Structures are given as structure tokens and as C-alpha cells.
């Protein structure tokens, strides 16, 4: 656990605690492999206690330059907030660190090595990023704390809607909690009404008056994640905004009613709504809220496996790849590589994902390999880790396209090296283009439909995918 992950997070009660909550979730996923430190200018006592309990380090920031001064080469910086613009990201990258951005707005130029956005329907083309940027997009990368991921792996079916949960978290400055509760109280179908308010909720008087009037109402304030999950499990219906808590109620198996009331919720709201993952209450006005509640009694919602509970493993693997990337070096292939390249070319595990099923002989390889080394339109590279060959990547110029072929030594498969080698290879070929040593319009790769690791590798690097019979064609424009 040598590599440090530095979390730079916006998270005041005034703008909501969503950034902090999802960063804490990510920190849990990484904690056994990385040293975690949070840097925040403003942080509630409740979150301080949670960080301390989980043995995550915390630095209270006064000046931004202090944080930037703490960044060392090979460390990984995670930014989550709306103030970390392009120039800020460049400053982080200039210090030699890897940069991860949790970015649900995709409204500016990004220099991140990895972009995470767990909203559905988002694609790499929605971002203005770099050729080296990887993407972890969609609910399969859900940033949820361990208790919710564990619950997501369980099966649950709602038979009858009798218990409802209301939670608008944070400060709820519009007091939608009370508005929603007044609407809910008109429905006699509910046997219990569970209301959860956040630490910065400032309208207790009106809420307390309603609690006194209706003995079905149970009010909970500033609960931790375990208590929140238990309340969700007790609830059949949950009324929440399109923020991180929406993913939590989906993971818990509730029927969600959701909507948006602030601008930064628009993409999560829009994309989950398009996928019909919740009943739409629009902006939580009384009319639309009532319609959504009435609809919840009539549909057989069940539990959709939107969140499968395995996002922690996926995101950990991506961070381990970022750490490992520094150990992988590419060099030009030479005549001394003929033996290892033949071993790879003739290996059944590698041939299984090759379009050419012909069994290659030593004689054939002895003719083919030296010729590729001398071709002007071919760039043949060997990938090494700790000075040992672990794979290769080759670029062949065909017209306006550069075609990619790459492989990983079977002994090193399953470590994410394919993603790294592909990433570093693209960096190499684009540098050649900048040096005017090669001219092309796009980079192209062909992958068999059964080769899942390669499919994922191209997708995470933002290649556009086209289906062609038994294979996929992936394209990336040079500019």
C-alpha cells in the first residue's frame, strides 16, 4: 500500500454532501490497496467522524496552493466538485500525478486519466477529453458505500406498497421534505411514513407539527449509512431527488419516485428517467408528486438490476491499472524478439481471439517477423514490465487508417495490461504523427465479439464501436 490517493472534494452542506459521500464510497473500494487522504475546505462534523472511523486521513484546506504542493509524481488525485476546471486539472497533471475526475456535468475540457460517471446513457463522446483518457461510465461503476453494494447483490421483490421513505438529504433548502410529507399524508394506503432529514435541515418546526398530527410518521435525523439502509429495506416506496441517494434506493430494492430541483441533478435525472429507472415526479410539485404516488400503487415495479453490487471490483481494477501503468514500457521490436513473438503467435489462448486461425510454423514466422521490422508503414513495439516482455502492439498504416494489433502474454493476462498497452501504444503513434513521421486520419481496431477484455479496453478509451458480422470495429479520430 505505497501509492497515495488524494481526494480533493467539494462538500459543504450548502451545495450538498453528494461529492463527499461518493468519494467516501470510492475510498472504501480502494482502502486495502492505497493510502487514502481527503483534502477539503469545508467539511461537516458528521463526515469528519466517518472519515476518522474508517481511518481515512483528512487535511483541512485553507489555501488551494497547499493541496497542489502536496502532490507527488506517481500519486493518484481524485477530484469531485464543480470548481476543478481545465487549468486546475493541468496543474495536477504537471506534477506528474494521475488524475481521476468524478464528472457528471461533462461541460468543459478534461485532462483526466480516468473519468467516472455512474449515470446511465452517458458515452465518451459526451466529454471533451484527451486521447489517454479512460472512461468508467454507467451504473456498473456505481459509487456506493459497502453496505449498499452488498444489498444490491441480494434479490428483493415489492409485493405491496405500504411503507414510504422520504429523504431529500443535505440542507433541503426548498423544504421539499415538508411539501412531500403533506402530500403523502393524504394517502391512507401507507401504514408507515419514514422521514429522514440531513444535518443542515433548517425547517424542523413545520415538520414536527406534522409528526404530532399523524402517528404513522417516524422522523429520523442525520442517520448513518447502516441506519439509512435499514430504513430503505423497511420501505416499499422511496421519494428522493436525482442524486446519489437515488442509486442507494435502487440498490436497496425500493420502488423509486424521483425528480430534480437543482441544476446539477439534470443529467442524472434525465438519463435515469429515459431508462425508466424511477417514477417521475418532475420538480416535486404537489400535482406531479401525487400522480407519481398514485402510479406506484398500480405498477409491478419489482427490483431492476440496475446496480449489480460489483462496481467496487471494477473501479479498484482501474485504479490498479493507473498504478501499474508506470511500470509498463514500450520499445521497438528487434530481431532478438523473434523467439518470444513466435511463442505468442503460436499460443492457443492467443490464437483463439485471432481472426486468422491458421497454425503458424517457425518457418513462416521466421519470414514474416523480420519483414515487419523493416516495413516503413509498420510500427512494431514490445511491452516490458520489470525488463521482461509481457506483450506487443503493432500499428500498420493502411491508407488513411492506422490498424492496431496487440496481444498479452498468457502468463500476464487478467491484470489489465491490455488496457495499459493499448493506451501507451496510442500515445506512441500520436507522438509519431506530431513528429510528421506518419500521416493518418483515424486509429482502427477489430475485435471478435467473444473477446470481452479487448472490447472493454477499446470502449474505456472512448473508441466509437461499429458492428460488423462476427466482430466489432473500433475507431478513434486522430484530432
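No value in this document is a laboratory result; all are computed from the given coordinates. Because the structure is a prediction, the values reported are computed rather than measured. All Cβ positions, glycine included, derive from the backbone under ideal geometry; neighbour counts span all protein chains shown.
Sorted from fewest to most neighbouring beta carbons within 10 Å, what does the list 197, 374, 361 look like? Intermediate results must be reported in sequence, preceding the final value.
On the way: 197 25, 374 8, 361 11.
Going from sparsest to densest Cβ surroundings: 374, 361, 197.
Pulled fully out, how much extra length does the chain show between residue 58 and residue 371, if you take 0.36 nm times their separation in residues and subtract their Cα-Cα distance?
Difference between extended and current length: 107.0 nm.
Please arrange 23, 378 by counting, for each residue, the other beta carbons lying within 10 Å of its beta carbon, fewest first.
In order of increasing Cβ crowding within 10 Å: 378, 23.
Compute the convex hull volume of the Cα atoms of region 247-345, divide it by the residue count, and report the result per residue in Å³ as a whole number.
186 Å³
Do you know the relative contact order of region 328-477, to the nearest whole percent, from alpha carbon pairs under 8 angstrom that are 6+ apart?
Details: 203 pairs, mean separation 28.5, N = 150.
With pairs under 8 Å counted, the relative contact order is 19 percent.
Return the percentage of antiparallel bridges among DSSP beta bridges fully within the chain, rounded to the nearest 5 %.
40 percent
Alpha carbon centre of region 408-466 versus region 211-267: separation in Å?
A separation of 42 Å, based on Cα centres.
Need the C-alpha centroid separation for region 152-196 versus region 14-87, integer Å.
Result: 31 Å between the Cα centres.
Given a Förster distance of 51 Å, report the FRET efficiency between residue 95 and residue 285 from their Cβ-Cβ distance, rounded to the nearest 0.05.
After rounding to 0.05, the efficiency reads 0.60.
Roughly how many whole Å is it from the C-alpha centroid of region 130-145 to that of region 276-294?
A separation of 29 Å, based on Cα centres.
Full extension from residue 212 to residue 441: what is 0.36 nm times the residue separation minus their Cα-Cα distance, to one decimal in nm?
75.5 nm
Using Cα pairs under 8 angstrom and six or more residues apart, how large is the relative contact order of the chain, in percent?
Contact order relative to length: 12 percent.
For region 358-444, what does the alpha-carbon gyration tensor say about shape, rounded, prolate or oblate, given a ≥ b ≥ c as the root eigenvalues, a/c under 1.5 as rounded, and a/b over b/c as prolate?
It comes out oblate by the Cα gyration axes.
Expressed in nm to one decimal, what extension gain is obtained for the pair residue 475 and residue 85 from 0.36 nm per residue of sequence separation less their Cα-Cα distance? It would help to have the intermediate numbers written out before the result.
On the way: separation 390, 0.36 × 390 = 140.40 nm, distance 2.81 nm.
Gain on extension, residue 475 to residue 85, equals 137.6 nm.
Can you sort 144, 315 by how many other beta carbons sit within 10 Å, fewest first?
315, 144
Once every DSSP H run of n ≥ 4 in the chain is given -39500 (n - 2.57) and the sum is divided by its residues, what mean residue ellipticity at 222 nm do you get, rounded to the nearest 500 deg cm²/dmol?
For the chain, the value works out to -10500 deg cm²/dmol.
Taking just the alpha-carbon atoms of region 418-479, what radius of gyration and Dmax come out, in angstrom?
Values for region 418-479 (Cα only, Rg and Dmax): 12.2, 37 Å.
Based on the Kirkwood radius over alpha-carbon pairs, what value in µm²/s does the Stokes-Einstein equation return for the translational diffusion coefficient of region 147-296 at 20 °C and 1.002 mPa s?
Roughly 140 µm²/s, to the nearest whole number.
Going by average Cβ density within 10 Å per residue, which order do the peptides 320-329, 45-54, 127-136 take, highest to lowest? Don't skip to the end; give the middle numbers.
Values: 320-329: 16.9, 45-54: 14.1, 127-136: 19.1.
Descending mean neighbour count gives 127-136, 320-329, 45-54.
One quarter of the convex hull surface, Cα atoms only: what value does that give for region 4-141 in nm²?
That works out to 8.1 nm².
Determine the equivalent ellipsoid of the chain by diagonalising the alpha-carbon gyration tensor, then write out the semi-axes as square roots of 5 times the eigenvalues, largest first, rounded to whole Å.
Numbers: eigenvalues 473, 120, 69 Å².
In descending order the semi-axes read 49, 25, 19 Å.
Please list the equivalent ellipsoid semi-axes of region 188-254, computed as the square roots of five times the alpha-carbon gyration tensor eigenvalues, in descending order and whole angstrom.
Working: eigenvalues 82, 49, 21 Å².
Those come to 20, 16, 10 Å.
Classify region 328-477 from the C-alpha gyration tensor, please: rounded if a/c falls under 1.5, else prolate or oblate depending on whether a/b exceeds b/c.
rounded
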